[in-house]
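Notes follow the structure.
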Amino acid sequence: MDARALASGGAAWDEIRRNPRVLEAVNRWLGTERLRTPYILKSLPFLDADRLRIALRGYEASAESLVEKLAESPDSSVLVFEDANAGTTVSHRDIGFGVSQVLPVLVNAAAMRERLIAIEQPELHLHPAQQAELGDVFIESALGERKNTFLLETHSEHLILRVMRRIRETAQGRLPPGAVSIRPTDVAVLYVERDGDHSIVREMPLNERGELVKAWPGGFFEEGYRELFS
C-alpha cells in the first residue's frame, strides 16, 4: 500500500470498497456498538454490469471479460453514508468532520494485521463519548485477532480513561459482553515534556485497578476536578 495514500487517509476508501469484511467492521464501530453515529457506510456501483452486458450482447467474448474487470474494479463504485435516522444518503462532505476524519483510523484498525500503526490525535473532532469508545476500538484491534500495535499521540483524557477502565474490569472479571480483556502489561503510557532544548519521556505505569502508579505530571488529569470543585 502506498505510504503517502496511507498517511493521508485516501487509501482507506479503496480498502473499504474492495474488502467487505473491513466495511462490515467499520459499520459495526460507527454504529451502536462503538461510536453511536446514525451513519451506515455503503458502496454503490457506478457501473450497472447487467445493463452493460445486454448492450454488448453479440459482440466478441472479450467484451464479457471487460465487463467483469470493470465491475470488480474499486473505481467502479462510490462510497456514501446512509443516515439511518433521516433515511437519506449523503457524502462524506455533508456529515460531521469528526466522522470522516476518524474513518481511516477505523479502516486501519480493521484491515491491518500484526502491524505497527502510528496515529496523531485520533480523537480529533470527536465527541468526548466517542473518544472513549475509540479506546475500545484500539483494544479490540490490538488484543483481538488482528494483533496490531498502536503508537498513539493523544490529548484525550476520555480515551485514556476508557483503557484504564477496561484494565480494572478485566482484573475484576466485570468486562461487558464483547469487550476484549486488557492488562497493565499490554499498555505503555508515556508522557513527553519539554526540558529546555530537549524533551523528557516519562513512563506512567498502571496497576491492575486501572490507576496510575505515579502522579501525572503537569496536572493533566486534575484539570477536570478543578473545573468541577474549584
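Restricting attention to the stretch 72-147, which GluC sites (Glu not before Pro) occupy a DSSP loop and are surrounded by at most 16 other Cβ atoms within 10 Å?
Counting only loop positions with at most 16 other Cβ atoms within 10 Å, the GluC sites (Glu not before Pro) in the stretch 72-147 are 114, 145.
Using the alpha carbons of the stretch 85-124, what is the convex hull volume per residue in cubic angstrom, as a whole number?
93
Test of the criteria: in the stretch 166-220, which trypsin sites (Lys or Arg not before Pro) are in a DSSP loop and have at most 14 other Cβ atoms within 10 angstrom of their Cβ?
Listed in order of number, the matching sites are 174, 209, 214.
Whole-Hz Karplus ³J(HN,Hα) for the stretch 196-202, in order, using 6.51 cos²θ - 1.76 cosθ + 1.60 and θ = phi - 60°, x for Gly and Pro?
Ordered by residue, 3J(HN,Hα) equals x, 9, 9, 10, 10, 9, 10 Hz.
Per residue Cα convex hull volume for the stretch 97-230, in cubic angstrom? Walk me through the intermediate numbers first.
Numbers: hull volume 18.8 nm³, N = 134.
Roughly 140 Å³ of hull volume per residue.
Around residue 150, which amide H atoms from residues at least 5 apart in sequence, or from another chain, sit under 5 Å from its own amide H, with H modelled in the peptide plane?
Residues meeting the criterion, in which the H sits 1.01 Å from N, are 117.
No lab work stands behind these numbers, since they all come straight from the coordinates. Just so it is clear, the model here is predicted, and its values are computed rather than measured. Reconstructed Cβ throughout: ideal geometry from the backbone, glycine too, with neighbour counts over all protein chains shown.
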